[in-house]
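Peer 1: Please find one structure pasted underneath; my questions will follow.
The values are calculated or read from the model by the stated rules, or taken from the named source; none is laboratory data. Everything numeric here is computed off the predicted structure, so don't read it as measured data. Here the Cβ positions follow ideal geometry from the backbone for every residue, glycine too, while neighbour counts run over all protein chains shown.
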Amino acid sequence: MKKQILLIVSGGIAAYKSLELVRILRRHNIAVRAVMTKSATEFITPLSLGVMTEDQVYGDMFDLKDEREIGHIQLSRQADLIVICPATANLMAKMNAGIADDLATTILLATNKPVLAVPAMNVRMWNHAATQRNINQLRKDGIMVMTPDSGAMACGEFGPGRLIEPPEITREICAQIGVTFDTSLCHGQSPTTQSNGQDISENNQSPAGENILAGKHILITAGPTHEAIDPVRYIANRSSGKQGFAIADTAAKMGAKVSLIAGPVSLATPAGVTRIDVQSAMDMQSAVDDALPADCAIMVAAVADWRAAHNAEQKIKKDGDALAPLQLIANPDILAALAKHEKRPKLLVGFAAETENILDHARAKLSRKGCDWIIANDVSTSNGQGVMGGDHNDVHIITANGEENIKHATKESVAQTIMERIANVL
Ligand code: PMT
């Protein structure tokens with residue numbers, strides 16, 4: 001017999017993902033009947049959900065027609081599992097207190113069916129002692145409460161509280177009701193538009209993310225710097241500029257005005273990007289100053305920490321077996337200076353290239369340099385990934401509030417995720 005879910009949608013920004021959940025469940029031949037709280041209807045319409053379930057959507061406890069034909073007890077009686085998605089802090093608090101002041105909470109108090117809650121909320125609400133107390137008690141009462149994902153939130157903060165992605169929720173539901181989960185049924189277009197045409201994706205962007213950064217100026221540094229020793233020699237590093245150029249390309253595609261200050265690299269300029277070529281750290285610092293003001297600066301360049309104290313006018317001659325007379329002095333720290341600049345961008349993002357104790361060193365850099373986020377990557381060649389110069393990266397976005405790992409992916413894909421997070425904040 002066909003399995004049936006009673007889906008309760010409560011009011012949070014993640015409510016739109018319930019539409020995708022319904023689609024994937026139905027592809028698994030699972031019938032879905034939906035109930036919405038009043039606040040859920042502020043985020044998605046009953047019409048949208050009804051289109052996805054191909055059924056009436058229930059919401060009003062005192063709707064006589066619904067009560068006569070179905071009744072709130074009957075609604076849960078027909079279900080194999082009740083799924084609350086998203087489950088807000090408020091709804092779980094009511095469940096814990098045994099409050100039944102609307103159809104959703106009345107069903108939850110009256111049911112003897114298994115209940116799976118999929119929370120989604122702001123990181124501080126999730127971490128609040130009251131929410132944690134409620135969840136502990138609900139779990140003791142036999143409610144299955146999934147642990148939310150960690151990452152960037154629609155509100156711009158980081159940490160636990162993001163709704164688990166619909167395919168993973170489906171996997172759990174299938175396990176609970178004895179249906180075989182099939183990943184191939186999870187692919188396809190996400191429903192991100194309401195029937196009234198209004199976009200409802202988490203960061204209010206069009207599916208392609210076009211123009212969400214219109215009117216914003218993003219300043220990006222990329223590539224290495226070359227620090228001259230004499231007319232033919234210089235100090236350099238292995239940065240290719242690929243990661244910074246990919247970020248510039250993505251930002252331009254999102255509609256931003258992009259100033260890309262590039263060290264000496266041989267990459268094509270992404271469409272719509274203003275490129276300023278520089279050689280040394282000193283040049284890069286002047287170009288950064290000239291490009292201000294900006295809404296956001298992303299410092300991807302591998303700036304040389306030192307330069308030759310004297311840039312010899314003539315090629316330095318080899319003097320027998322004597323050591324080269326190379327004396328180094330420190331370069332300015334462009335990122336740290338920008339953090340104290342009177343035109344400091346609203347969001348200042350540094351990169352940290354580390355070869356050991358990646359996260360600890362990167363966290364220390366975040367506070368030492370005074371930026372808002374630092375994106376840590378492992379540039380040791382011993383891990384075989386070859387991040388510097390290669391096509392892939394594996395980064396941790398570190399903020400004051402938490403961390404998000406973008407696992408081994410192409411630099412274009414890493415750029416896309418970083419720019420989505422930045423767009424959320426801007
Ligand atoms: O260019 P690719 O081959 O694609 O490789 C990408 C990358 C590995 C170079 C990139 O992802 C990266 O990690 N960039 C930062 C490299 C770096 O110099 O890290 P750092 O830990 O030394 O510096 C920390 C931050 O301070 C960086 O944002 C850097 O731009 C900035 N900095 C450093 C020194 C300096 N004098 N001025 C600076 O502004």
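Peer 1: If you check Lys140 against the conditions, is it surrounded by fewer than 19 Cβ atoms within 10 Å (Cβ to Cβ) and either outside the structural domain of Gly59 (by TED's automatic domain parsing) or without any contact (Cβ under 8 Å) to a residue 12 or more places away in the chain (or both)? Spell out the reasoning first.
Peer 2: Numbers: surrounded by fewer than 19 Cβ atoms within 10 Å (Cβ to Cβ): yes; either outside the structural domain of Gly59 (by TED's automatic domain parsing) or without any contact (Cβ under 8 Å) to a residue 12 or more places away in the chain (or both): yes.
Against the criterion (surrounded by fewer than 19 Cβ atoms within 10 Å (Cβ to Cβ) and either outside the structural domain of Gly59 (by TED's automatic domain parsing) or without any contact (Cβ under 8 Å) to a residue 12 or more places away in the chain (or both)), Lys140 qualifies.
Peer 1: Tell me, which residue of segment 284-319 that is within 13 Å of the ligand (Cβ to nearest atom) and in a loop (DSSP other than H, G, I, E, B) is nearest to the chain's Cα centre (by Cα)?
Peer 2: Val300
Peer 1: Tally the residues that are more than 22 Å from the chain's Cα centre (by Cα) and more than 8 Å from the ligand (Cβ to nearest atom), restricting the search to segment 249-283.
Peer 2: Restricting attention to segment 249-283, the residues satisfying the condition of being more than 22 Å from the chain's Cα centre (by Cα) are 259-283.
Restricting the remaining residues to those that are more than 8 Å from the ligand (Cβ to nearest atom) gives 259-264, 266-280, 282-283.
Residues flagged as more than 22 Å from the chain's Cα centre (by Cα) and more than 8 Å from the ligand (Cβ to nearest atom) within segment 249-283 amount to 23.
Peer 1: Scan segment 388-405 and tell me whether some residue there is in a helix (DSSP H, G or I), more than 13 Å from the ligand (Cβ to nearest atom), acidic (Asp, Glu) and more than 20 Å from Ser239 (Cα to Cα).
Peer 2: First, pick out the residues of segment 388-405 that are in a helix (DSSP H, G or I): none.
No: zero hits.
Peer 1: Would segment 374-384 turn up any residue that is in a helix (DSSP H, G or I), among the β-branched types (Val, Ile, Thr), more than 10 Å from the ligand (Cβ to nearest atom) and in contact (Cβ under 8 Å) with a residue 24 or more places away in the chain? Break it down stepwise before answering.
Peer 2: In the first step, residues of segment 374-384 are kept if they are in a helix (DSSP H, G or I); the result is 381-383.
Restricting the remaining residues to those that are among the β-branched types (Val, Ile, Thr) gives 381.
Next, from what is left, pick out any that are more than 10 Å from the ligand (Cβ to nearest atom): 381.
Subset that is in contact (Cβ under 8 Å) with a residue 24 or more places away in the chain: none.
No: zero hits.
Peer 1: Among the residues of segment 247-262, write down those that are in contact with a strand residue (DSSP E or B) (Cβ under 8 Å, 6 or more places away or on another chain) and assigned to a helix (DSSP H, G or I). Please lay out each step first, then the result.
Peer 2: Of segment 247-262, the ones in contact with a strand residue (DSSP E or B) (Cβ under 8 Å, 6 or more places away or on another chain) are 247-249, 251-252, 256-262.
Result: Ile247, Ala248, Asp249, Ala251, Ala252.
Here is a yes/no grid of residues against (1) under 28 Å from Lys340 (Cα atoms); (2) modelled with pLDDT under 90; (3) surrounded by fewer than 16 Cβ atoms within 10 Å (Cβ to Cβ):
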site: Ala352; (1), (2), (3): yes, no, no
site: Thr355; (1), (2), (3): yes, no, yes
site: Ile358; (1), (2), (3): yes, no, no
site: Arg368; (1), (2), (3): yes, no, yes
site: Gln385; (1), (2), (3): no, yes, no
site: Asn393; (1), (2), (3): no, no, no
site: Gly402; (1), (2), (3): yes, yes, no
site: Arg421; (1), (2), (3): yes, yes, no
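Peer 1: Take Cys155 and tell me if it is buried (at least 17 other Cβ atoms within 10 Å of the Cβ), at pLDDT below 90 and away from the ligand (no atom under 16 Å from the Cβ). Talk me through it step by step, then tell me what you get.
Peer 2: Working: buried (at least 17 other Cβ atoms within 10 Å of the Cβ): no; at pLDDT below 90: yes; away from the ligand (no atom under 16 Å from the Cβ): yes.
For Cys155, the condition - buried (at least 17 other Cβ atoms within 10 Å of the Cβ), at pLDDT below 90 and away from the ligand (no atom under 16 Å from the Cβ) - is not met.
Peer 1: Do we find a residue being more than 13 Å from the ligand (Cβ to nearest atom), more than 22 Å from Lys365 (Cα to Cα) and modelled with pLDDT of 95 or more anywhere in segment 234-248? First the steps, then the outcome.
Peer 2: Going through segment 234-248, the residues more than 13 Å from the ligand (Cβ to nearest atom) turn out to be 234.
Applying the additional criterion that residues be more than 22 Å from Lys365 (Cα to Cα) yields 234.
So of that shortlist, the ones also modelled with pLDDT of 95 or more come out as 234.
The answer is yes, given that some residue of segment 234-248 is more than 13 Å from the ligand (Cβ to nearest atom), more than 22 Å from Lys365 (Cα to Cα) and modelled with pLDDT of 95 or more.
Peer 1: Further, regarding this structure: From (1) over 27 Å from the mean Cα position of the chain (by Cα); (2) assigned by TED's automatic domain parsing to the domain that holds Val232, pick out the condition that doesn't hold for Ala364.
Peer 2: Single failed check for Ala364: (1).
Peer 1: Could you tell me whether any residue of segment 320-343 is away from the ligand (no atom under 13 Å from the Cβ), in contact (Cβ under 8 Å) with a residue 12 or more places away in the chain, assigned to a loop (DSSP other than H, G, I, E, B) and in contact with a Pro (Cβ under 9 Å, 6 or more places away or on another chain)?
Peer 2: First, the residues of segment 320-343 that are away from the ligand (no atom under 13 Å from the Cβ): 320-327, 342-343.
Cutting the leftovers down to in contact (Cβ under 8 Å) with a residue 12 or more places away in the chain gives us 326-327, 343.
Narrowing further to those that are assigned to a loop (DSSP other than H, G, I, E, B): 326-327, 343.
With in contact with a Pro (Cβ under 9 Å, 6 or more places away or on another chain) added as a condition, the list becomes 343.
Checked against the condition, which is being away from the ligand (no atom under 13 Å from the Cβ), in contact (Cβ under 8 Å) with a residue 12 or more places away in the chain, assigned to a loop (DSSP other than H, G, I, E, B) and in contact with a Pro (Cβ under 9 Å, 6 or more places away or on another chain), segment 320-343 yields at least one hit.
Peer 1: Taking strands (runs of 3 or more DSSP E) that do not extend beyond segment 90-175, which have at least 3 residues that are within 16 Å of the chain's Cα centre (by Cα) and not acidic (Asp, Glu)? Can you show your working first?
Peer 2: Values: elements: 115-119, 149-152, 158-162.
Here the list reads 149-152, 158-162.
Peer 1: Among the candidates Ile44, Ile5, single out the residue that is at negative phi, surrounded by 23 or more Cβ atoms within 10 Å (Cβ to Cβ), at pLDDT below 95 and β-branched (Val, Ile, Thr).
Peer 2: Numbers: Ile5 fails: at pLDDT below 95.
The match here is Ile44.
Peer 1: Ok, one more. If you check Val425 against the conditions, is it of a type outside the set (Ser, Thr, Tyr) and crowded, with 21+ Cβ neighbours inside 10 Å? Give the steps one after another, and end with the answer.
Peer 2: Numbers: of a type outside the set (Ser, Thr, Tyr): yes; crowded, with 21+ Cβ neighbours inside 10 Å: no.
The answer is no for Val425.
Peer 1: Return yes when Ala268 is in a loop (DSSP other than H, G, I, E, B) and of a type in the set (A, V, I, L, M, F, W, C) and no when it is not. Spell out how you get there, then give the answer.
Peer 2: On the way: in a loop (DSSP other than H, G, I, E, B): yes; of a type in the set (A, V, I, L, M, F, W, C): yes.
Judged against the criteria, Ala268 is a match.
Peer 1: Filter segment 340-369 down to the residues that are basic (Lys, Arg) and under 18 Å from Val395 (Cα atoms) and list them by number.
Peer 2: The initial filter retains those residues of segment 340-369 that are basic (Lys, Arg), namely 340, 343-344, 346, 363, 365, 368-369.
Arg363, Lys365 - these are the residues of segment 340-369 that are basic (Lys, Arg) and under 18 Å from Val395 (Cα atoms).
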